[in-house]
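Engineer: Take a look at this one; I'll ask things after.
The values are calculated or read from the model by the stated rules, or taken from the named source; none is laboratory data. Just so it is clear, the model here is predicted, and its values are computed rather than measured. No Cβ is skipped: glycine too gets one built from the backbone with ideal geometry, and neighbour counts run over all protein chains shown. Protein only, heavy atoms only, side chains kept; ligands, DNA and RNA dropped before computing areas. Shrake-Rupley method; radii C 1.70, N 1.55, O 1.52, S 1.80 Å.
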Amino acid sequence: MTKAARIVSYFIAIFIGPAEWIFGLLQTARRHRAVTLGLLAMILLALPHRLAAQADCLACHGDKTMQDAAGHSIAVDGGKFSASMHGSLQCNNCHTDIKEYPHPDHIAKVECKTCHADEASKLTGSVHSSSKEHPCTSCHGNAHEIFPKTDSRSAVYPLNVPKTCGQCHSDGAMASKKGLPSVYPHYMDSIHGFALSKEGLLVAANCQSCHGSHGILSHNNPASPTYKANIPKTCGTCHAKINDDYQGGAHGHAIGSGNLKAPVCTDCHTAHAILQPTESAFRMQSTPICGSCHKEKLSTYRDTFHSQLGSLGGYVETARCWDCHGAHEIYPASDPRSPVNKANLVKTCGRCHAGANLSFVQYQPHANAHDRHLNPALYFVRLFMNLLLVSTLTFFVIHTILWLIRSRFDQVRKKSANGGKDA
């Protein structure tokens, strides 16, 4: 569009655009006689300037091919802008340095914090504080087409949040530049991502559910919802019953007392690649997860029938740690509420082994053949078998050596008897 054409369009928009709108309003008022003259006067006095201002700008910027000197599009879709959250504003409410037409080619950067001071304040202290590399529009999209977060067209609508965050937190230029982990594909393959993208469940956890929106802090910051001590509470906003069970168990008490070595939700389930607990992939990896802290118990478990059967692959129903000890509400074996308390063993084992009785539950799933005080019978049986094995091997080694010596001796003697001919 040439400059002359833009000026002509500008004047047409000034005189015809508002006139058509006012004519339509009068026609409506004529049909609805209940509209008072006072209300009509207020509308006519308040709106023409705004409508004229938008029409003035759209006379040029409504051209889809319009670009600035650098070749960037500066076109505005009037329909989308009117329907957006900013549609009720005058253009110079944001572009405050534009006072007249034609305006300068270089205009000042729009400051969103003028209206959104609270959000800007939170953003300043967040991991996204660099407005140059992370402006508001990088998450919310085109400033002229911003819709409420409850609108499916919004970039921060729950179904769209993972894709919006994934623009940076996925394999790409920003991830490589900042050393960001590529978490987007892991999330999309997780139970949360599946529920959101495949089932369309708006209540499924997305990035914002755990990390927040504007005041996103590093997971090393104690104020962050993803700081280790805060993770149970963060996950508990959705998984309330599980959080209650966890807080009542040994792990929850440990975290509550300030022991950050105790496991939280993400230690067992991971942060982004969360699997359905009933899936074979999760069951197969659950024992090593528990064993990363309980190393001694893992070594004794690996000696048992349960572990050896499960390690063959395919036997996903073989008892894992949480099948016996519980998953979240974990208590010491001395606690009457624990499923591995002596009083509860018949019931616990009976879930898999029908007909289990007191004799059956004498089985020791963590028997330690190296601990004389804990398992004396097993200790001495192991000692005897090891001694028997060493003795047997020693006897045959000595026997073999003596046999070789005897064979060589007979060979030399036979040679001497034949005059050296049969050496």
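Engineer: Shape call for region 131-198 from the C-alpha gyration tensor, a ≥ b ≥ c root eigenvalues: rounded (a/c under 1.5), prolate (a/b greater than b/c) or oblate?
Structural biologist: Oblate, since a/c reaches 1.5 and b/c is not below a/b.
Engineer: If you don't mind, another one. Treat each spin label as a single point 7 Å out from the Cα along the C-beta direction, and report the Q67 to R382 distance in nm.
Structural biologist: The answer from the label model is 7.6 nm.
Engineer: Assuming 0.36 nm per residue, please report the length gained on full extension of the stretch H103 to R351 beyond their Cα-Cα distance.
Structural biologist: Full-extension gain reported as 81.4 nm.
Engineer: Still on this structure: Convert each backbone phi in region 279-293 into a coupling constant with the Karplus relation 6.51 cos²θ - 1.76 cosθ + 1.60 (shift: θ = phi - 60°), then list the ³J(HN,Hα) values in order as whole Hz, x for Gly and Pro.
Structural biologist: Result, rounded to whole Hz: 6, 4, 4, 6, 4, 5, 9, 5, 5, x, 5, 5, x, 5, 9.
Engineer: Counting only protein heavy atoms and using a 1.4 Å probe, what share of the accessible area of region 286-345 belongs to carbon plus sulfur, as a whole percent?
Structural biologist: Percent of accessible area from carbon and sulfur atoms in region 286-345: 60.
Engineer: Could I ask something else about it? Of all accessible surface on region 163-226 at a 1.4 Å probe, what whole percent is carbon and sulfur?
Structural biologist: 59 percent
Engineer: Under the classification rounded if a/c is under 1.5, otherwise prolate if a/b is larger than b/c and oblate if not, where does region 253-311 fall, given a ≥ b ≥ c as square roots of the Cα gyration tensor eigenvalues?
Structural biologist: Numbers: a/c = 3.31, a/b = 1.30, b/c = 2.55.
Oblate.
Engineer: Could you pull out the trypsin sites (Lys or Arg not before Pro) across region 344-406 that fall in loop regions by DSSP (anything but H, G, I, E, B) with no more than 15 other Cβ atoms inside 10 Å? List each step's numbers first, then the result.
Structural biologist: Values: sites: K347, R351, R372, R382, R406; in loops: R351, R372.
Those satisfying the criteria are R351, R372.
Engineer: Roughly how many Å is it from the Cα centre of region 379-394 to that of region 58-126, as a whole number?
Structural biologist: Centre-to-centre distance over Cα atoms comes out at 85 Å.
Engineer: Apply the Karplus parameterisation 6.51 cos²θ - 1.76 cosθ + 1.60, with θ equal to phi minus 60°, to every residue of region 296-310 and state each ³J(HN,Hα) to the nearest whole Hz, in sequence, with x for glycine and proline.
Structural biologist: 5, 5, 5, 5, 6, 5, 5, 7, 8, 4, 4, 5, 5, 5, x
Engineer: Here's another thing I want to ask about it. Length gain on complete extension for the stretch A120 to N344, per 0.36 nm per residue less the alpha carbon to alpha carbon distance?
Structural biologist: 75.0 nm
Engineer: I would also like to ask the following. So for E133, E199, what's the accessible-area order with a 1.4 Å probe, most first?
Structural biologist: E199, E133
Engineer: Suppose R0 equals 22 Å; then what is the FRET efficiency for K261 and H239 from their Cβ-Cβ distance, rounded to the nearest 0.05? Mind showing how you got there, number by number?
Structural biologist: Values: r = 22 Å, r/R0 = 1.02.
E(calc), rounded to 0.05, equals 0.45.
Engineer: How far apart, in nm, are two points set 7 Å out from the Cα along the Cα-to-Cβ line at F305 and at W403?
Structural biologist: The modelled label-to-label distance comes out at 3.8 nm.
Engineer: Same structure, new question: Counting alpha carbon pairs within less than 8 Å and at least 6 residues apart, what relative contact order, in whole percent, applies to region 143-258?
Structural biologist: About 12 percent, as a whole number.
Engineer: Cα gyration tensor of region 282-378, axes a ≥ b ≥ c as square roots of the eigenvalues: rounded (a/c below 1.5), prolate (a/b > b/c) or oblate?
Structural biologist: rounded
Engineer: Not counting ligands, DNA or RNA, and with a 1.4 Å probe, what is T114's accessible surface area in Å² rounded to the nearest 10?
Structural biologist: So the heavy atoms of T114 present about 110 Å² to solvent.
Engineer: Can you give me the relative contact order of region 203-341 as a percent, contacts being Cα pairs under 8 Å and 6 or more apart?
Structural biologist: Taking the mean separation of contacting Cα pairs over the length of region 203-341, I get 17 percent.
Engineer: Between Y331, L358, S311, whose Cα lies farthest towards the positive end of the dipole of region 275-423 when Lys and Arg beta carbons carry +1 and Asp and Glu beta carbons carry -1, centred on the Cα centre?
Structural biologist: Looking along the dipole axis, the top candidate is S311.
Engineer: List, in order, the whole-Hz ³J(HN,Hα) value for each residue of region 107-121 obtained from phi through the Karplus relation with A = 6.51, B = -1.76, C = 1.60 and θ = phi - 60°; use x for Gly and Pro.
Structural biologist: So the J values, rounded to whole Hz, are 10, 5, 5, 6, 9, 5, 5, 4, 9, 9, 5, 5, 5, 5, 5.
Engineer: Got a number for carbon plus sulfur as a percent of region 366-422's accessible area, 1.4 Å probe? Walk me through the numbers on the way to the answer.
Structural biologist: Details: 3490 of 5080 Å².
C and S atoms contribute 69 percent here.
Engineer: If I stretch the segment between T394 and L89 completely, what's the gain in nm (0.36 nm per residue apart, minus their alpha carbon distance), one decimal?
Structural biologist: Contour length minus Cα-Cα distance gives 100.3 nm.
Engineer: Sticking with this structure for a sec: Could I have the simple spin-label model distance between L201 and A229, label points 7 Å from Cα toward Cβ, reported in nm to one decimal?
Structural biologist: 3.2 nm
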